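Worksheet: one structure, shown below.
The values are calculated or read from the model by the stated rules, or taken from the named source; none is laboratory data. Owing to the predicted nature of the structure, the values given are computational and were not obtained by experimental measurement. With ideal geometry, Cβ positions are generated from the backbone for all residues, glycine too; neighbour counts draw on all protein chains shown.
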């Protein structure tokens, strides 16, 4: 597989729609990579971020050794499932709910405890729990996320309590990821951080979106309180990776 500049491959991933914008995030942030089976005239395109992938094209042209190296949650058309299961018989679908914040939904009032995080906050995030560490995956880790200046958070006693970040940054949509550390849950911090991020996303001229699983009642509750509206049901394929439990 060849790593290539993503720009010319955008038609493979258009039109942009709410949800897992792996390709757009790679193209717009420089994190991750895009690979093809050949250049020019590719027959298969793989957009990759840590733990998150988008596959397009004909699965027959993705070499088995390259497929065997892929791990994570896969956004791909249904015809990819046989190839994924041939590589990993344990590949399983992960049902997803995709929601969008309507234009007429109010932007939440700013919470004074929520602020934009910067690289100066790195020590406060040094102890981020294993359960929460995924929040920075698509930005190359905590340092990359903080350097990008896109994360909103709450600190308590000098340590991070909750974070919201555009997990996927697109040209039209930004999909929100949010975590609250275990000792600070059920205090409204996820809603406060995500609400602040909504203001940032709209200021960039983008539309906030929300992705979660049907059994994640906590996440669904936060989305509902903020005004998100169900847009569609979706599915990711869990390739060599366990499906999270709520």
For this session: Determine which single condition residue 208 fails, assuming it passes every other condition in (1) assigned to a strand (DSSP E or B); (2) touching a helix residue (DSSP H, G or I) at 6+ places or on another chain (Cβ under 6 Å); (3) free of Cβ contacts under 8 Å to residues at least 60 places away in the same chain.
Result: (3)
Problem set entry | Unique residue being out of contact with any strand residue (DSSP E or B) (no Cβ under 9 Å at 6 or more places or on another chain), surrounded by 13 or more Cβ atoms within 10 Å (Cβ to Cβ) and either more than 24 Å from residue 246 (Cβ to Cβ) or touching a residue at least 60 places away in the same chain (Cβ under 8 Å) (or both) when the list is 42, 65, 59, 108 | 108
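Each row is one residue, and each column tells you yes or no for (1) over 29 Å from residue 145 (Cα atoms); (2) touching a residue at least 60 places away in the same chain (Cβ under 8 Å); (3) touching a strand residue (DSSP E or B) at 6+ places or on another chain (Cβ under 7 Å); (4) not assigned by TED's automatic domain parsing to the domain that holds residue 177.
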residue: 80; (1), (2), (3), (4): yes, yes, yes, yes
residue: 112; (1), (2), (3), (4): no, no, no, no
residue: 119; (1), (2), (3), (4): no, no, no, no
residue: 127; (1), (2), (3), (4): no, no, yes, no
Problem set entry | Residue list for segment 132-181, filter: over 10 Å from the mean Cα position of the chain (by Cα) and part of a helix (DSSP H, G or I) | 133, 142, 143, 144, 145, 146, 147, 148
Exercise. Taking segment 5-34 only, how many residues are without any contact (Cβ under 8 Å) to a residue 40 or more places away in the chain, within 22 Å of residue 144 (Cβ to Cβ) and surrounded by fewer than 20 Cβ atoms within 10 Å (Cβ to Cβ)?
Worked result: 4
Exercise. Which of (1) closer than 19 Å to residue 197 by Cα; (2) modelled with pLDDT of 95 or more; (3) in contact with a helix residue (DSSP H, G or I) (Cβ under 9 Å, 6 or more places away or on another chain) does residue 93 not meet, given it meets every other one?
Worked result: (1)
